[in-house]
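Read through the structure below, which is laid out as structure tokens, and then see the notes.
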Amino acid sequence: MLTVIFGLIGILILGVFLLLFRVQSLVTILRDTDERGGLSNRINGALMLLVPLIGFIVAVYHYPIAAKHFLPEASSIHGKETDSLFWITLTVITLMFLITNAGLFWFAFKYQYKAGRKVVFFADDHKLELIWTAVPAVIMTVLVLYGALVWNRAMMQEPPKDVQVVEVMGKQFAWQVRYPGKDGKLGKYDFRLTNDATGNEFGIDFEDKNSEDDFIPREIHIPVNKPVLLKIRARDVLHSVFMPHFRVKMDAVPGMPTQFMFTPTKTTTDMRSQLGNPNFNYELACTEVCGKGHFAMRYLIVVDDEPDYKKWLAEQKPFLEEKPEFKGKGMKSLRKKNVAANEEIKTKKDI
Amino acid sequence: MELHNHGQSAVAEAHTHDHHHDEHEHHEDGFIRKYIFSEDHKTIAKQFLILGLMWAFMGGAMSVIFRLQLGFPDFNLEWLRPILGTWINETGKLEQEKYLALVTMHGTIMVFFVLTAGLSGTFSNFLIPLQVGARDMASGFMNMLSFWFFFLASVVMFTSLFLETGPASGGWVIYPPLSALPEAVPGSGAGMTYWLISMALFIVSSLLGGINYITTVINMRTKGLSFARLPLTIWAFFLTAIIGLLSFPVLFAAALLLIFDRSMGTSFFLSDIYIGGKALHHQGGSAILFQHLFWFLGHPEVYIVLLPALGITSEIIATNARKPIFGYRAMVGSMIGIGVLSFIVWAHHMFVTGMNPFLGTIFMLLTLIIAVPSAVKAFNYITTLWKGNIIFTPAMLFSIGLVSLFISGGVTGIVLGNNALDIQLHDTYFVVAHFHLVMGSASFFGMMAGVYHWFPKMFGRMMDDKLGYVHFWLTFIGVYLVFFPMHYIGIAGFPRRYYSFSTFDFGKSYADLNMFISAAAIITFSAQALFAFNFVYSIFRGRLAPLNPWDSNTLEWTTPRVPGHGNWPGAIPTVHRWPYDYSKPDADKDGFTDFIPQHIPFSQTPNSNFEHENDLIAKQEGKKNSGDNEHKHH
């Protein structure tokens, strides 16, 4: 049904256009005038003023409606700083946008063709050019300095000793998270130990003592107002850790671990009451195209206050407790296995 | 016009007559040599244009299909099955993998085939010889090869659409490991192989063309046409060709290494990968290395598509404002500045890839410097309009539209170029909005402006003005309606290349805005039918074009209505002045209206000459007598 309607509308529009076209080309030929500044020029001139003006009014009217769905204020320390930089920059560029576009369209309208208008032969003016080289340069300098300051604070801090480490691993098409357990140290891993069939999705090296208390939860829990260090990696293709509410983003790269440190400032409960939305959840998404399920790599993040977080931690069981068969298995045993396999191949060949 | 050709030396005239004579003897071109394997730059330009436009419609149609998915996720696409076949699944929805394929192909086609080949290929080919006063490109044969390599690249890319596993699907940036592993996405199998072969051919085409453009501009300018008198179009094409020549080989290297990784087991870009239940043997490669190589072309590529559009705009705005372009030297200077800077900003695409954060700061600094020459250009366009006498031809409308889009898309570059802000906005719809305005739409507008402006010279007939006006306003309004609201979606954190936003709580808003954008995109795309009709109709039925329909100063308008091979039947005109003598004071006393073409000597315009121009008369007269290439030395 819809197709038919669309089709009909299309044909109708096409018909109208064709008709209009034939009529107007005939008229043009009859008139046989190709003068500058005719009616068309005046109409286009008027539109040069009208269209941007209407556009501006519509945009101003629509903005508050659209802005309702912007993300809430950042829930992290660096996020608040990037947010203020963002809104300052946006104000500056909106002004630039409005001033330059206003000039462009106003001049287009005002200086539309009029017979006998005296055009100013104005080919050069060093002072003017100096001004509009210098002004953007100064604005850019300020924004660069401000940006560098915010960036350095967000990205170039040494993690404190008591930082909460969380390992986030991307794979097609889900996130997996590992916590270091009581010792605060993540065990080693190697991609050659990864084995979905046996259940070692992370490729954890269980010969490393640090891995013995590592646990793999089903959602991320982090304590409020404490720095969290995300150790990020991917095991198949590129992924990207994106936590929109915390203004956190960092690619997950196979073979090259990355990291991102941030400090959450609002618990999930706080956000729920602040937004009046009892179903609110912090989310983790993927922002580097990774294949079919790229759009569905959702993972939940819960920001707890200190007691809740402690309670949650206490409930978590080390991975080895659930899968004791992995105990002590790691790179060495893998190597032994490989050596044995190679030997076997060799002997077969020899025979 | 022939009246004005007397600035020519007897020697030169004799020579060109000979040349012309030769042509009549050797160029009894058959149909194939004239229209298919032609070495005439004008025919080659038209071939680039027509193939580019065909790709543009295909790329546009692809965007309509994935916009349907994004804006109307519940809409049944069963009716597309005759075209898309198994890309539509049993429930009448677009396959998720094929959504990615469409996005990838849309990007590749638009960036390379439409805006590089279709824009730069068309107008560099068409205008360089005509505006520098040459009979053809330096090497007509290489020029012909350039088109046919593009054609081959097109055939390979087009064929890849019909592969069972689908075309490349890892995004137009083809980041490995996704693009290297068929296990990761089916499009990375044969589809990616085709993509790489096609791009390799395309790079060859691009280099063959670029070398020709550069050589022609440097060596084959007519007498009197110093660099300081080059139309800004030629400056733009010249710089574009240099940028392309320096950056495309790097993409070629990246593609080659990726081919090695894919089929010969090397590990340039791959390491530590477990996929499909298996740990791969690759170790020690760096996925980030590929991104560095890719963006070393990828960023200059932005200017490869944009500079020609800006050059075209400069020419059209000056002509139709009946006023010299403001700040000619600043325009050239800023183009050179943009060209140089374009090579040292690439890593702003990689702020959050895990690259050293200190590098991020350096690249932010360099990136934001580009805003300065860009701003100078925008201000100069606006000042050119000031106190002009503007004629709104369709080309002029598209040029003014370009300036607006260039500003609108450019200012958001200041946001994204700031690494602290890029943390949040990277790979969201804010980026999509930004580059579609500043690079996609602006360059597309430049291409449309060029087509409307030079159509009379290409085909000897006029396109219909009124249809052009409607086409412009629908497109202009449409483009803003599509891409302006996209910024909001980006601020709300929506990531790009998402098949659907319903998985996430934060992605549940804006269903209506996405629907609106899709509707606007469909209308904008449909409006291009007006152009297609106008274009095809006017080639055969358009009004015959006058010799100089826009009262323009540049040399191409001194050729016959439909110039033959060799461009000028008689001698090549000599250039005596810059191309922007529009509305020169007192020109009427010399018998001119509001324009004095480039080939008019100053001796003919004693009343309107400026003082330093009067000084040049003696020199020009002197040269006439000596009749050699002295003009190149001053």
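Key figures for this structure:
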quantity	calculated
Residues within the stretch B:402-427 that are more than 7 Å from chain A (Cβ to nearest Cβ) and outside any helix (DSSP H, G or I), tallied	1
Residue that is farthest from the other protein chains (Cβ to nearest Cβ), among those in the stretch B:453-475 that are open to solvent by 10 Å² or more (accessible area, probe 1.4 Å) and assigned to a helix (DSSP H, G or I)	B:F459
Among the candidates B:L359, B:L365, residue that is within 8 Å of chain A (Cβ to nearest Cβ), over 25 Å from the mean Cα position of the chain (by Cα) and under 26 Å from B:H299 (Cβ atoms)	B:L365
Some residue of the stretch A:97-105 being part of a loop (DSSP other than H, G, I, E, B), crowded, with 16+ Cβ neighbours inside 10 Å and small (G, A, S)	no
Total residues in the stretch B:585-603, condition buried (at least 17 other Cβ atoms within 10 Å of the Cβ) and either among the small types (G, A, S) or without any contact (Cβ under 8 Å) to a residue 60 or more places away in the chain (or both)	4
Residue tally, condition touching a Ser or Thr at 6+ places or on another chain (Cβ under 9 Å) and open to solvent by 10 Å² or more (accessible area, probe 1.4 Å), over the stretch B:202-221	7
Selection within the stretch A:176-200 - assigned to a loop (DSSP other than H, G, I, E, B) and surrounded by fewer than 19 Cβ atoms within 10 Å (Cβ to Cβ)	A:K182, A:D183, A:G184, A:K185, A:K188, A:D190, A:D196, A:A197, A:T198, A:G199
So B:H292, is it away from chain A (no Cβ under 12 Å), open to solvent by 10 Å² or more (accessible area, probe 1.4 Å), assigned to a helix (DSSP H, G or I) and under 19 Å from B:P177 (Cα atoms)	yes
Hits in the stretch B:263-282 (condition: part of a loop (DSSP other than H, G, I, E, B) and facing another protein chain (nearest Cβ under 10 Å))	B:S267, B:F269, B:L270, B:S271, B:D272, B:I273, B:G276, B:G277, B:L280, B:H281, B:H282
Any chance B:L385 is assigned by TED's automatic domain parsing to the domain that holds B:F476 and under 21 Å from A:I131 (Cα atoms)	yes
Condition check for B:S399: open to solvent by 20 Å² or more (accessible area, probe 1.4 Å) and either more than 7 Å from every other protein chain (Cβ to nearest Cβ) or in a loop (DSSP other than H, G, I, E, B) (or both)	no
Scan of the stretch A:300-343 for residues that are in contact with an Asp or Glu (Cβ under 7 Å, 6 or more places away or on another chain) and farther than 19 Å from A:K188 by Cβ, ordered by number	A:L300, A:I301, A:V302, A:W312
Residues satisfying the stated conditions in the stretch B:155-190, i.e. free of Cβ contacts under 8 Å to residues at least 12 places away in the same chain and open to solvent by less than 10 Å² (accessible area, probe 1.4 Å)	B:L178
Residue match in the stretch B:299-316 (condition: free of Cβ contacts under 8 Å to residues at least 60 places away in the same chain and in contact with a Ser or Thr (Cβ under 9 Å, 6 or more places away or on another chain))	yes
The listed residue being over 18 Å from B:L307 (Cβ atoms), touching a residue at least 60 places away in the same chain (Cβ under 8 Å) and of a type in the set (A, V, I, L, M), out of B:V431, B:V403	B:V431
Sole residue being touching a residue at least 24 places away in the same chain (Cβ under 8 Å) and in the same structural domain as A:W132 (by TED's automatic domain parsing), chosen from A:I88, A:I65	A:I88
Candidate set: the stretch B:489-520, residues that are of a type in the set (G, A, S), more than 7 Å from every other protein chain (Cβ to nearest Cβ) and in a loop (DSSP other than H, G, I, E, B); chosen: the one farthest from A:F280 (Cα to Cα)	B:S502
Check on A:L145, free of Cβ contacts under 8 Å to residues at least 40 places away in the same chain and more than 7 Å from chain B (Cβ to nearest Cβ)	yes
Residue match in the stretch B:406-414 (condition: closer than 23 Å to B:P300 by Cα, more than 20 Å from the chain's Cα centre (by Cα) and of a type in the set (A, V, I, L, M))	yes
A:K266 being in a loop (DSSP other than H, G, I, E, B) and not β-branched (V, I, T)	yes
Candidate set from the stretch A:38-57 (those that are open to solvent by 30 Å² or more (accessible area, probe 1.4 Å) and touching a residue at least 60 places away in the same chain (Cβ under 8 Å)); member that is nearest to B:I390 (Cα to Cα)	A:R42
Failed item in (1) in a helix (DSSP H, G or I); (2) over 30 Å from B:L547 (Cβ atoms), with B:P177 passing the rest	(1)
Looking only at the stretch A:270-302, and only at residues there that are touching a Ser or Thr at 6+ places or on another chain (Cβ under 7 Å) and more than 10 Å from chain B (Cβ to nearest Cβ), the one that is most open to solvent (accessible area, probe 1.4 Å)	A:V302
Residue, nearest to A:D308 (Cα to Cα), within the stretch A:212-234, restricted to residues that are open to solvent by less than 20 Å² (accessible area, probe 1.4 Å) and not in a strand (DSSP E or B)	A:P217
Total residues in the stretch A:68-85, condition touching a residue at least 40 places away in the same chain (Cβ under 8 Å) and either facing another protein chain (nearest Cβ under 8 Å) or not β-branched (V, I, T) (or both)	12
Which numbered condition B:V340 misses (of (1) open to solvent by 10 Å² or more (accessible area, probe 1.4 Å); (2) without any contact (Cβ under 8 Å) to a residue 24 or more places away in the chain; (3) facing chain A (nearest Cβ under 10 Å))	(3)
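Okay, residues lined up against (1) of a type in the set (A, V, I, L, M, F, W, C); (2) within 27 Å of B:I288 (Cβ to Cβ):
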{"residue": "A:V135", "(1), (2)": "yes, no"}
{"residue": "A:M140", "(1), (2)": "yes, no"}
{"residue": "A:L149", "(1), (2)": "yes, yes"}
{"residue": "A:Q157", "(1), (2)": "no, yes"}
{"residue": "A:V168", "(1), (2)": "yes, yes"}
{"residue": "A:V177", "(1), (2)": "yes, yes"}
{"residue": "A:G187", "(1), (2)": "no, yes"}
{"residue": "A:F202", "(1), (2)": "yes, yes"}
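The values are calculated or read from the model by the stated rules, or taken from the named source; none is laboratory data. Everything numeric in this text was worked out from a predicted model, so none of it was measured. Every residue, glycine as well, gets a Cβ built from its backbone with ideal geometry; the counts of neighbours run over all protein chains shown. Remember, those area values only see protein heavy atoms, side chains included, never the ligands or the DNA or RNA. Shrake-Rupley method; radii C 1.70, N 1.55, O 1.52, S 1.80 Å.
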